[in-house]
Ligand SMILES: [Zn+2]
Ligand SMILES: [Zn+2]
């Protein structure tokens with residue numbers, strides 16, 4: 001039986017069979033998110049009908065925005081708060097997850113957040129304000145303890161604010177008032193003590209966000225902070241929709257308030273602590289093109305300049321059947337996990353043992369074989385072939401939902417196309433390769449079918465003495 005198994009062509013028992021694919025969807029919103037997505041129960045029922053075995057939720061970590069007037073930004077401020085995990089309370093969120101796990105014992109239910117670590121303001125309240133980068137998002141999945149959520153370094157999370165000595169500066173006004181009182185300047189003493197008390201009230205409880213939303217110079221530091229926080233063996237962290245252009249022109253989000261976020265493909269290189277990026281679906285354009293941002297990041301891993309190889313994830317940004325026009329299994333991942341558990345699925349996602357797939361009009365493609373072998377050794381997705389003296393790349397693809405399906409199959413080595421053909425699936429081929437003088441290299445596979453169908457493999461690495 002080939003279907004469902006990603007077999008390698010290798011003789012060694014260790015490589016004989018990669019576990020069957022667990023159909024997994026990610027970036028699924030629920031009623032804990034800002035924009036009224038369906039509740040988790042309805043989504044899980046639909047997922048089960050569609051043969052999805054694992055669901056990774058990405059509910060808004062925080063969806064609370066604030067703008068305060070200078071110089072009393074905390075006392076005189078407008079706050080807008082939408083549903084989010086931190087607003088509902090992580091204990092409530094996790095309790096709901098626990099009860100759904102009892103109700104859907106056949107499914108892997110992975111809690112998690114979509115987080116905007118930072119945003120900043122420009123403009124002024126009279127002429128118009130612009131909120132920047134609210135839509136620059138990272139998914140963090142696998143958060144199982146309430147304190148994991150409470151510690152998330154994101155704007156809008158009061159627990160993420162840090163104590164600063166500088167917030168005690170109004171004490172200087174009180175000291176001045178004492179000094180003025182002793183000198184007999186009673187009016188000045190009263191004025192300074194009143195000002196001191198007002199500013200102390202504004203600064204209370206003397207904690208500030210690590211990066212101020214009124215300062216545009218934080219750059220990528222807030223994102224590095226979140227990616228470092230999530231850089232744990234039990235958590236998965238990847239960039240959401242880095243090439244989405246839907247917020248690239250400023251959009252009205254309130255009276256005299258606009259929001260803007262430019263696409264951010266550079267994030268993959270600039271924040272290397274993540275496990276990768278959502279290559280599918282929203283806005284995917286340049287990052288997976290040969291030699292694009294993904295290949296550049298993979299080459300930087302080969303050179304030792306990056307600790308972790310970045311993987312290409314498939315995400316939905318699902319908010320219900322009518323939101324975004326995206327169905328629950330329009331984009332999914334075939335995850336080759338040895339156990340059908342959260343730990344098993346997350347481990348395989350962190351090790352690159354999966355393919356990301358966008359369907360085309362109900363038709364899709366399954367990667368039946370994906371391996372590189374040489375001299376009796378073999379490696380598959382996410383693995384490294386230690387002695388690739390004469391590498392043979394084995395590819396087998398099968399259509400799902402159609403008896404035959406034309407597809408364009410591209411095999412890349414280090415971001416350069418070494419094989420490209422349009423064939424009718426089912427199809428298989430062994431491609432012998434001669435990487436000449438290369439010492440470290442990788443292969444990846446890119447399959448396109450119909451106007452919207454895409455299958456992206458994750459890379460197989462190889463090296464030679
Ligand atoms: Zn988002
Ligand atoms: Zn989202």
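The values are calculated or read from the model by the stated rules, or taken from the named source; none is laboratory data. In this text, all values refer to a predicted model and were calculated from it rather than measured experimentally. Positions of Cβ are backbone-derived with ideal geometry, glycine not excepted, and every protein chain shown enters the neighbour counts.
Keeping to segment 277-309, report how many residues are out of contact with any helix residue (DSSP H, G or I) (no Cβ under 8 Å at 6 or more places or on another chain) and assigned to a helix (DSSP H, G or I).
Residues in segment 277-309 being out of contact with any helix residue (DSSP H, G or I) (no Cβ under 8 Å at 6 or more places or on another chain) and assigned to a helix (DSSP H, G or I): 5 in total.
Considering only residues that are surrounded by fewer than 21 Cβ atoms within 10 Å (Cβ to Cβ) and touching a residue at least 12 places away in the same chain (Cβ under 8 Å), which ones fall in segment 230-242? Working first, answer last.
Let us first name the residues in segment 230-242 that are surrounded by fewer than 21 Cβ atoms within 10 Å (Cβ to Cβ), namely 231-235.
The answer is 231, 233, 234, 235.
Out of all the residues in segment 319-331, is one or more crowded, with 24+ Cβ neighbours inside 10 Å, within 16 Å of ligand 2 (Cβ to nearest atom) and more than 14 Å from the chain's Cα centre (by Cα)? Walk me through how you get there before you give the answer.
Residues of segment 319-331 that are crowded, with 24+ Cβ neighbours inside 10 Å, as a first pass: 331.
Filter once more, so that each one left must be within 16 Å of ligand 2 (Cβ to nearest atom): 331.
Remaining after also requiring more than 14 Å from the chain's Cα centre (by Cα): 331.
Yes.
Do you know which residues across segment 45-64 are touching a strand residue (DSSP E or B) at 6+ places or on another chain (Cβ under 9 Å) and over 23 Å from residue 237 (Cβ atoms)? Walk me through it before giving the result.
Of segment 45-64, the ones touching a strand residue (DSSP E or B) at 6+ places or on another chain (Cβ under 9 Å) are 47, 50-64.
Within segment 45-64, 50, 51 meet the criteria.
Tell me which strands (runs of 3 or more DSSP E) are completely within segment 147-265 and hold 3 or more residues being at pLDDT 95 or above, or say none if there are none. Full working, then the answer.
Values: elements: 236-239, 251-254, 257-260.
Result: 236-239, 257-260.
Counting just the residues of segment 39-60 that are outside any loop (DSSP other than H, G, I, E, B) and within 16 Å of ligand 1 (Cβ to nearest atom), which one comes out nearest to residue 354 (Cα to Cα)? Let's see the steps before the verdict.
Filtering segment 39-60 for residues outside any loop (DSSP other than H, G, I, E, B) gives 40-49, 54-57, 59-60.
Next cut, within 16 Å of ligand 1 (Cβ to nearest atom) only: 56-57, 59-60.
Numbers: 56: 15, 57: 18, 59: 23, 60: 25 Å.
Applying the filter and picking the extreme gives 56.
Sort through 393, 400 and tell me the only one that's farther than 25 Å from residue 307 by Cα and within 29 Å of the chain's Cα centre (by Cα). Full working, then the answer.
Numbers: 393 fails: within 29 Å of the chain's Cα centre (by Cα).
Just one listed residue meets the conditions, 400.
I'd like to verify a number: residues in segment 205-229 that are surrounded by fewer than 16 Cβ atoms within 10 Å (Cβ to Cβ), within 16 Å of residue 308 (Cβ to Cβ) and touching a strand residue (DSSP E or B) at 6+ places or on another chain (Cβ under 8 Å), how many? Walk me through it before giving the result.
Going residue by residue through segment 205-229, those that are surrounded by fewer than 16 Cβ atoms within 10 Å (Cβ to Cβ) are 205-208, 212, 214-217, 219, 221, 228.
Narrowing further to those that are within 16 Å of residue 308 (Cβ to Cβ): 228.
Then drop every residue that is not touching a strand residue (DSSP E or B) at 6+ places or on another chain (Cβ under 8 Å), which leaves none.
The number of residues fulfilling the criteria is 0.
Quick one: which strands (runs of 3 or more DSSP E) sit completely within segment 71-115 and have at least 3 residues that are touching a helix residue (DSSP H, G or I) at 6+ places or on another chain (Cβ under 8 Å)? Let's see the steps before the verdict.
Values: elements: 77-81, 108-110, 112-115.
Where strands (runs of 3 or more DSSP E) fall fully within segment 71-115 and carry at least 3 residues being touching a helix residue (DSSP H, G or I) at 6+ places or on another chain (Cβ under 8 Å), they are 108-110.
With (1) away from ligand 1 (no atom under 16 Å from the Cβ); (2) part of a loop (DSSP other than H, G, I, E, B) as the list, and residue 118 as the residue in question, which single condition is left unmet?
Of (1) away from ligand 1 (no atom under 16 Å from the Cβ); (2) part of a loop (DSSP other than H, G, I, E, B), only one is false for residue 118: (1).
Which residue pairs have Cβ atoms under 7 Å apart, sit 6 or more places apart or on different chains, and have a first residue in segment 132-148 that is near ligand 1 (Cβ under 9 Å from one of its atoms) and a second that is modelled with pLDDT under 95 and in a loop (DSSP other than H, G, I, E, B)?
The qualifying pairs are 135/247.
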